[in-house]
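Single-structure report; data block below.
The values are calculated or read from the model by the stated rules, or taken from the named source; none is laboratory data. Fair warning: this is a prediction, and the values are worked out from it, not measured in the lab. Cβ: placed from backbone, ideal geometry, glycine included. Neighbour counts: every protein chain shown. For the accessible areas, the whole protein counts, side chains as well, though only heavy atoms, and no ligand, DNA or RNA atoms are used. Shrake-Rupley method; radii C 1.70, N 1.55, O 1.52, S 1.80 Å.
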Amino acid sequence: MREISLFTPFSSRGTTFANRIVVSPMCQYRAVEGQVGAWHLAHHARFALGGVGGALIEATAVERDGRISEGCLGLWHDGQIAGFRQLAGLYRDQGIPLGVQIGHAGRKASSASPWDGAGPLAEAVPPRGWTAIAPSALAHADGWPIPVALDEAGIARIVAAFAASARRAVEAGLDFVELHGAHGYLLHEFLSPLANHRTDRYGGAFDNRARLALEAALAVRQAVPEAMPVWYRASCVDESAGGVTLDETVELARRLKNIGIDLLDCSSGGIRGPVARSIRAEAPGHQVPYAERIRREAGMATMAVGLITEPEQANRIISDGSADFVAIGRELLADPNFVYRAARALGHPFPHEVLPRNFAFFLARRNMLSADAVTK
Ligand SMILES: Cc1cc2nc3c(=O)[nH]c(=O)nc-3n(C[C@H](O)[C@H](O)[C@H](O)COP(=O)(O)O)c2cc1C
């Protein structure tokens, strides 16, 4: 049997990823009215030139009030498509599939950026903030405003907004779509008993709490071509007792798979407090066991994320079958050439070939020249 490594290509529906390293979605807080700008192009160019297997654009709002912050990207109207098309072109030039993470911030909408404390903007700077929505009128944390509980018409509007944003992603030429179902945002809030105290068919038992996630995922699946992969990022467990359990997430994964979702991106936490567990200081690879169990028990492709920073560590996660992809966030910010570094560290026969052809050409020559120098 062929050994699977970090550099084994992966095909899903009509898309092939040349290696298993994916840029984790990372909010940049640099958009104006949801538009892609020069910053986003520069940010993504670093990864497109670094030879990643795939990349995800940051959490992108399906409606204006669904932005986490004022600076979040959006795909809530057609005028936002052109900017995403530029990002798609950047990656397409390098043969790298690009996806967008679409989501709704729920009761964590209208927040300040992390460097301004990530607290509720509505309270901090009144004219700029807006009223958040949620499954129930329960504040995210002490000091946060009470959100408005969605009625069924509001829920239907959200599902339709997910589908419309996914259609815009297709029009922009993106290769795949991920629903943001993690980190205490709207889909996660419905799933978690810690945020959802509803008594209608969207609250209570797991079947009801999972209803919005499944409706949104199905609407997205139906909005995009058969050949396009659709992924789902989940917070596999909540940080507090009484929250989402791993057993529930395994069941959610099974149901998502049944409606045609191709991969579960396995994060955690975020239902309480401004910073998701995913980003706090934790042990290396602390969320990998979630990806491993879901992959094994739900028979679904998974992506592991969270403090994956070393080539050998990343390779082991893939080769031991814990996950199909590793998503890397901060290490790629620090070193956008991580993939090249990994190829060299792991003894890839042509490490320079993970880079763009023009870089690879000169690096190959450099290697030849230094080999010559040794023989002379
Ligand atoms: C600046 C920054 C922005 C982030 N924005 C998002 C986001 O838009 N969507 C998301 O699901 N996770 C987001 N995250 C979490 C990352 O995708 C990732 O799960 C987390 O940073 C752990 O991976 P790492 O240890 O490789 O950074 C963000 C993290 C950082 C550091």
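Brief remarks on what is shown
- Over the Cα atoms of the chain, the radius of gyration divided by the Kirkwood radius equals 0.98; this is the Rg/Rh ratio.
- Candidates GLY54, GLY37, GLY184: whichever shows maximal mean-square fluctuation once the chain is modelled as a Gaussian network with Cα springs under 10 Å: GLY37
- Residue-by-residue Karplus 3J(HN,Hα) for the range 135-149, coefficients 6.51, -1.76, 1.60, Hz, glycine and proline x: x, 9, 7, 10, 5, 4, 7, 4, x, 8, x, 7, x, 8, 6
- For the range 10-328, the share of DSSP beta bridges that are antiparallel, to the nearest 5, is 10%.
- Rounded to the nearest 10 Å², the accessible area of GLU310 at probe 1.4 Å: 90 Å²
- Taking the Cα centre of the chain as reference, the dipole from Cβ charges on Lys and Arg (+1) and Asp and Glu (-1) amounts to some 720 debye.
- Remark: the chain carries 40 Å² of accessible area per residue (probe radius 1.4 Å; ligands, DNA and RNA excluded).
- Remark: the ASN208-LEU346 segment gains 45.1 nm on full extension, using 0.36 nm per residue and subtracting the alpha carbon distance.
- Efficiency of FRET from Cβ geometry, ALA364 and ARG85, R₀ 41 Å, rounded to 0.05: 0.80
- Neighbourhood net charge (10 Å Cβ-Cβ; Lys/Arg +1, Asp/Glu -1) for TYR185: +2
- Residue among ASP200, ASP238, ASP262 with the largest mean-square fluctuation in a Gaussian network model of the chain, springs linking Cα atoms under 10 Å: ASP200
- Karplus (6.51, -1.76, 1.60) ³J(HN,Hα), θ = phi - 60°, over the range 195-211, in Hz, Gly and Pro reported as x: 10, 10, 10, 5, 10, 8, 6, 10, x, x, 5, 3, 3, 6, 5, 7, 4
- Net charge over other residues, Cβ less than 10 angstrom from the Cβ of ASN196 (K, R count +1; D, E count -1): +1
- Stokes-Einstein diffusion coefficient of the range 100-186, Kirkwood radius over Cα pairs, 25 °C, 0.890 mPa s, in µm²/s: 173 µm²/s
- Using a Förster distance of 25 Å, the FRET efficiency for SER319-ASN258 (Cβ separation, nearest 0.05): 0.30
- Estimated [θ] at 222 nm from DSSP helical runs (n ≥ 4, -39500 (n - 2.57)) normalised by residues in the chain, nearest 500: -10500 deg cm²/dmol
- Note that the range 92-105 has calculated 3J(HN,Hα) couplings of 4, 3, 9, x, 10, x, 10, x, 10, 8, 9, x, 10, 6 Hz, one per residue in order, obtained from phi through the Karplus relation 6.51 cos²θ - 1.76 cosθ + 1.60 (θ = phi - 60°); glycine and proline are x.
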